[in-house]
Structures are given as structure tokens and as C-alpha cells.
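Step one of this worksheet: look at the structure below.
The values are calculated or read from the model by the stated rules, or taken from the named source; none is laboratory data. Nothing here was measured: the structure is a model prediction, and the numbers come from that model. Positions of Cβ are generated from backbone atoms using ideal geometry, with glycine treated the same way; all protein chains shown enter the neighbour counts.
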């Protein structure tokens, strides 16, 4: 009798969920790298980085030339003059290192700001697509181990981004 009551209790209280949660995934890196808007932003980042790197290379080249000149003239100039020039060179190297760190921070900040621009443009498109297609969850492709390729919405989003 107890088994029958437990069986009936389980039978009537067991709720089957027949609702289908739509879970999709997206490759944001692929969208950024292949969409026309993303390509233009990546191009801007590369130009900015190239300009800063060229400035640093020019400064580094000048420092090396100064070092070579100082080494060549070591035996010609007085010890005091050599020490003065050496201190001056060290000071310029320190300034170069400070400038290099500053440029690295500028480059990283620029990349961060440009990436935010991309995401600000893409997120509303993704949100609209999710709402229109009644999708429950969208995951990043990098976070998925195995999934059916039918659940990938990357190409649809790229098409929409390129149209806009």
C-alpha cells in the first residue's frame, strides 16, 4: 500500500517540461575579424600601433647610435667627459623606457576603446536577433566544448552587421 501511494505521488507530482529552451552560440572574434565594421576597426588599431611602434624604433635607433659613438670616443675623451656622456645616455634610456611604457598603455587603451565601439554596435543587433527568434541563451563559442553547428548564429549576425 505504501509503495502504491508513493508511486501515485511521484506520478502526479512529476512535471515534464515540454518547453524547448533555445540555446545558441556565437563566435564574437570571428564576427569582429570578418565583418566590414570590425575590419575597419582592426585596421585603425593596426595603424595606431604601427605609428607608436615606429616612433619607439626611431628613438631606440638614436639611442644605439649615441651608445656606439660613446663607445668609439671612450679612449679619446677625458674620463670626466665620458662619465657625463654616460649619465646623459642612461637618462635618455630611462626616458625611452618611460615613453615606451606610456605608448604601451596608450595602445592598450586605444584597443580597449575600439573593441567597445565594436561591441556597442554588435550587441543591439544580437539582442534584436535573440528577441526575434525567441532564443533563450546565447553563449560564446570559446566556452563550448561540443555543440551542433546548427546552433551557431555567427553567420546570421555577420550578415546583419554588414547590412547595417
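Please tell me if residue 96 is modelled with pLDDT of 90 or more and part of a helix (DSSP H, G or I). Considered against the rule, which asks whether it is modelled with pLDDT of 90 or more and part of a helix (DSSP H, G or I), residue 96 comes out as yes.
Regarding region 93-112, can at least one residue be identified that is touching a helix residue (DSSP H, G or I) at 6+ places or on another chain (Cβ under 8 Å), touching a residue at least 24 places away in the same chain (Cβ under 8 Å) and farther than 21 Å from residue 59 by Cα? The answer is yes; a qualifying residue exists. Reported count of residues in region 113-146, each being touching a residue at least 12 places away in the same chain (Cβ under 8 Å), more than 22 Å from residue 33 (Cα to Cα) and surrounded by fewer than 16 Cβ atoms within 10 Å (Cβ to Cβ), is 4.
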